[in-house]
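Trainee: Quick one: structure below, then a few questions.
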Amino acid sequence: MTRNVNKLKLSYEFGLVGGLFLIIIAVLELVLHSISSYLKIFGTFPSAGAVQLIIFALIALLGTEYSRRDKKIGYTSMIVIAIAGMITFVNIEIVGFIIILIGGILVMMNK
């Protein structure tokens, strides 16, 4: 029994860390874009996907939170948003989606 509880706690922490990591990356993209467009020294820092990244991160965080109540909906949303995020984003954001995917798989494996 404690093994299942530990898996659930670990998967919740993975989902939370992954979602917060994605939000921090999105905010950094927005801030760096604003600074680089103001200075215009080396061009501008791209921020085209920052809003979409925040939306993906919020869906992942909602799935993580919902996995405490209903495991099937929780892990399904975590896994789907992680795979969609890995297809959509190609930079450092993939690290956050991999963490969320690991958390979703841990919830799915918990019986």
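A short reminder: the numbers here are calculations on the coordinates, not readings from a lab. What you see is a predicted model, and the numbers here were worked out from it, not measured in a lab. All Cβ positions, glycine included, derive from the backbone under ideal geometry; neighbour counts span all protein chains shown.
Trainee: At what distance in nm do the modelled label points of residue 20 and residue 91 sit from each other, each positioned 7 Å from its Cα along Cα→Cβ?
Mentor: Label at residue 20, label at residue 91, 2.2 nm between them.
Trainee: Let me ask something else. Modelling each spin label as a point 7 Å along the Cα-to-Cβ direction, I'd like the residue 28/residue 13 distance in nm, to one decimal.
Mentor: Once both label points are built, they end up 2.2 nm from each other.
Trainee: Would you grab the residues whose amide H sits under 5 Å from the one on residue 89? Only those 5+ places off in sequence or on another chain, please, with H modelled 1.01 Å from N.
Mentor: Residues meeting the criterion, in which the H sits 1.01 Å from N, do not exist here.
Trainee: Next question, about the same structure. Using only C-alpha positions, report the orientation-averaged shadow area of the convex hull of segment 53-104, nm², one decimal.
Mentor: Seen from a random direction, the Cα hull of segment 53-104 projects 2.9 nm² on average.
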